[in-house]
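Worksheet: the structure to be examined is printed underneath.
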């Protein structure tokens, strides 16, 4: 497997597009045409997503709310379990907030937890389907960790225009494995990250989009407004790795095994490495999130 990795015996950095300044903040199916589905995974993944969303939400929300009119319309495409949409509905009680997801289980979970909040609705729909008939265009649309699961992110960004008013704002948030750092560096970890990326490509997506977001938006005809890159405190991230990162790694490892992307002995070696990390072998970890927002200059045909 090829790798765009650089590192030493003590740390790892994956070469990728850089951003201006990274904010470090303490913590207070093989479905090639579709996004990732909760129903593929089950209850354990649902709990992981709740943990992850709760950790990141306070960092992601401020820039999103700045671009949202107090009485405007907000759409979370690929809303997952609904935490982002609910947070916006709480922050802007006079707004109309909608969460859409391709997965019936995600919509069911969102409605169960938040469906009683005034001004907040959830429904099952795919981004590329466009808005439901008669749906009024939104002021703000968010795609959070959605493009990584789609085979053609540029085309998806073009399709988002149908959901927005002219002059509306899209916020796109993605990770990028090339920008993750680990201290100390287990010698097997670069191979695991490469295998995770190869598995994602086979499923129809990429785990390395974060640093490319601005160019992707430009290629889809969006007008750049702003960007930010942020990460949690590296020591606190290392402590959270068993709950937030390792379940993801194990999922990809299982998929790689199912697809025959690595030899059995390699899979077993990587599983032993994951067990080592679970025991607390990492001292510092950085998992940056890339956030780019842009203006809608016209509706996609």
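Any read-out appearing in this document is the output of simple, stated calculations on the displayed coordinates, not a laboratory observation. No experiment lies behind these values; they were computed from the predicted model shown. Because the Cβ atoms are built from the backbone with ideal geometry, glycine has one as well, and the counts that use them run over all protein chains shown.
Side notes on the structure shown:
- Taking the average, over residues, of other Cβ atoms within 10 Å as the packing measure, peptides 243-254, 194-205, 259-270, 58-69 rank 194-205, 243-254, 58-69, 259-270 from highest down.
- Residue separation of residue 233 and residue 215 scaled by 0.36 nm, minus their Cα-Cα distance, works out to 3.7 nm of gained length.
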